[in-house]
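The values are calculated or read from the model by the stated rules, or taken from the named source; none is laboratory data. Everything quoted here is computed from the prediction, not taken from an experiment. FYI the Cβ positions are ideal-geometry reconstructions off the backbone, even for glycines, and counts take in every protein chain you see.
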């Protein structure tokens, strides 16, 4: 009985201790990232009223891949459909080795190396903002929606386009089509693929952050490699989506480096005159690389 009473007390004490170590700049950073990603998903999910345009644009993307000789997505999905384990691994890679991993790595980097964290944060946010513009200007239906849209618009698809399966919905039981996800999801946001673009940034960030530990580098390489396979076999993206996603991610990285070089020094001087935002000596120490 005494143990039951002391456990909540001990947990409360640990919580109070953790809160005491959270500085004002930490709260501002958490609010900035939370609001930025919430706005990203809300805006992304609001552009969903152009299915016919998205369908036509998807056919143009497929035509471009056929011209380039890289329209392999139907054959890749057909190849794995008989292997339930491989399907589920691809589903988990697509769903879990993306945003949850970005959050986890961001938290580690925030406390381990604030400079690298800031560069990668800005690269993610900048590439996300660029992608929102592209989603609005050029909606594209993913492969998994082609059979459904073809029936809706009474279009007869080529044989290889009629076989696409939403593997996450069929085999995993949940996904981006779930009712709870719809306010945050634009089903016609195939181009660019930030699943690949952001995993490309994440993989590079892991190698950069842990450059002294070569045994971790394979993880940084494996993330974008497995993700480009997953986006194709789960019928969520085309290969050209991944290429555009990588280009957008690199542009975001260039913007992040430019901010470091030309914007943050004068901004830091301005913030230093704002009492509530000015860092204490303790916060400066915690922000130093370890």
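Residue-by-condition table, conditions (1) at pLDDT 95 or above; (2) within 16 Å of the chain's Cα centre (by Cα); (3) surrounded by 19 or more Cβ atoms within 10 Å (Cβ to Cβ); (4) more than 16 Å from residue 143 (Cα to Cα):
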{"site": "64", "(1), (2), (3), (4)": "yes, no, no, no"}
{"site": "94", "(1), (2), (3), (4)": "no, yes, yes, no"}
{"site": "101", "(1), (2), (3), (4)": "no, yes, no, yes"}
{"site": "112", "(1), (2), (3), (4)": "no, no, no, yes"}
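Within the stretch 211-231, the only residue that satisfies the criterion of being surrounded by 17 or more Cβ atoms within 10 Å (Cβ to Cβ) and more than 25 Å from residue 167 (Cα to Cα) is 220. Look at the stretch 259-273: where a residue is over 22 Å from residue 126 (Cα atoms) and a partner is surrounded by 10 or more Cβ atoms within 10 Å (Cβ to Cβ) and modelled with pLDDT under 80, sitting 6+ places away or on another chain with Cβ atoms under 9 Å, you get 272/278; 272/279.
At least 2 residues being over 19 Å from residue 102 (Cβ atoms) and in contact with a helix residue (DSSP H, G or I) (Cβ under 8 Å, 6 or more places away or on another chain) is the threshold, and among the helices (runs of 4 or more DSSP H) wholly inside the stretch 192-276 those reaching it are 217-233, 239-258.
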